[in-house]
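Below you'll find the structure, written out as structure tokens, and then a few comments.
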Amino acid sequence: MSDTFDRLWAGLAPLGRDRTTGGYQRYSWTPVDAEIRTWFTAEAHARNMTVETDRNGNLWAWLGEPGPDAVVTGSHLDSVPNGGAFDGPLGVVSALAAVDELNRRGLRPTRPLAVVVFVEEEGARFGVPRLGSRLLTGAITAERARGLTDEGGVTWARAMADAGLDPDHLGADPERLARIGVFVELHIEQGRSLARLGAPVGVAGTVWPHGRWRMDFSGQADHAGTTRIADRNDPMLPFAETVTAVRRAAVEHGAVATVGRVWLTPNNSNSIPSRVRAWLDARAPGEAALRSLVDSVDLAARLAAAEHGVTLASFQESFFPKVAFPEELCDRLAAVVGGDSPAPVMSTGAGHDAAILASAVPATMLFVRNPTGISHAPEERADPADCYAGVTALTEALADLTAAKV
Ligand code: GLV
Ligand code: MN
Ligand code: MN
């Protein structure tokens, strides 16, 4: 099994890798994305799987006839800018390796089995994460998705059409959703819980509520050398005060919050900026704490903007409520994959397609130990032995789920 995993991993690894940083730039509907989709399709065909592209651009590989009450596994193959190799790909590669392992063990699933690759999970190109699974479940409208734009102003609809797919049929897909009996996504852990517990594999119990908020601070562009300090309406100042308010609010609320993306206009060293556009990513164990954190950041930003003669417009770009995966399913998988004692069931602050699907179908996740905890960075890694343990765990989970109904 380790050979299969290594071979699959080696085939995918060069696609979208930045030779200088070792990180990945894998964005939806780009030429690299097309290569990745071709890679997946070829690997699925090599396993006699039937590959379909759904109306939203997600890829489905079926072992046997597509049908109702299917056991579905998979993840995503897009990345954040300069992302790691494991976030997403580990779930897809492990799923294909688990299909081989089921075959090798001579196990015949009694339910249909599919491997799915969701598009635009990270939202790195079009701003809204989990887009493929949200479209599938109807959690976002087709109109909104079609009009999302990338940094160059290209819409999702245009980009999808340029990639050879028809954006006219985007949207909720109840028939496809109805085929899913249960969904299990394997993913690298994005933290050190498993490393602390000394366990190679865990099960996800809950996903923290989280969201993204855009803040536009607008002032007056002017000359950096001649404009008196008293005459400035510099949006950089309230923005800077807001960043420190974000940190304070996160600590006060027992939460995490980040300003990781900023666009400056005109972004020139001898001009006072006219606009700072920034994104707040905030996550908390509960929704009340999250809402309160965001309100306190908004208040601090408004006060700072007023003080500097700058206007502020803020918008919620996405919001994901807290998700608790079904306890019975989590406990069952924890027992199946844990060996002598059940695998740990844990909560996470990271968002996942499984959490979107959980609103419609029984779903949960398997996490693979990440010794450093680092993710969304080139240094993200899991040890080979833990990757193989992940494939074994997923194989056991699929064998168990395909042999009996949840
Ligand atoms: C995805 O990785 C997220 O948690 O934003
Ligand atoms: Mn991610
Ligand atoms: Mn991911």
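Structure data summary
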read-out	value
The range 105-147 - residue that is out of contact with any Phe, Trp or Tyr (no Cβ under 6 Å at 6 or more places or on another chain), part of a helix (DSSP H, G or I) and of a type in the set (Gly, Ala, Ser) and, of those, nearest to His376 (Cα to Cα)	Gly147
Where Ala230 falls short, out of the listed (1) in a helix (DSSP H, G or I); (2) crowded, with 17+ Cβ neighbours inside 10 Å	(2)
Subset of the range 95-104 (residues that are under 15 Å from Val184 (Cβ atoms) and either among the charged types (D, E, K, R) or part of a loop (DSSP other than H, G, I, E, B) (or both))	Glu101
Some residue of the range 364-378 being closer than 17 Å to Ser75 by Cα, surrounded by fewer than 22 Cβ atoms within 10 Å (Cβ to Cβ) and at pLDDT 95 or above	yes
Any chance Ala172 is without any contact (Cβ under 8 Å) to a residue 24 or more places away in the chain, surrounded by 15 or more Cβ atoms within 10 Å (Cβ to Cβ) and among the small types (Gly, Ala, Ser)	no
Some residue of the range 248-265 being in contact (Cβ under 8 Å) with a residue 60 or more places away in the chain and under 30 Å from Glu185 (Cβ atoms)	yes
Any hit, the range 324-333, residues being assigned by TED's automatic domain parsing to the domain that holds Leu186, in contact with a Phe, Trp or Tyr (Cβ under 6 Å, 6 or more places away or on another chain) and at pLDDT 95 or above	no
The range 366-392 residues that are in contact (Cβ under 8 Å) with a residue 12 or more places away in the chain, paired with ones that are surrounded by fewer than 19 Cβ atoms within 10 Å (Cβ to Cβ) and assigned to a helix (DSSP H, G or I) (beta carbon under 6 Å, 6 or more apart)	Arg369/Ala195; Pro371/Ala195; Tyr388/Ser2
Filter result for Asp340 (at pLDDT below 95, of a type in the set (D, E, K, R) and either in the same structural domain as Arg104 (by TED's automatic domain parsing) or within 16 Å of ligand 3 (Cβ to nearest atom) (or both))	yes
Positions within the range 2-17 being assigned to a loop (DSSP other than H, G, I, E, B) and surrounded by 13 or more Cβ atoms within 10 Å (Cβ to Cβ), in sequence order	Ala13, Leu15, Gly16
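The values are calculated or read from the model by the stated rules, or taken from the named source; none is laboratory data. The shown structure was predicted, so the numbers you read here are calculated from the model rather than taken from an experiment. Reconstructed Cβ throughout: ideal geometry from the backbone, glycine too, with neighbour counts over all protein chains shown.
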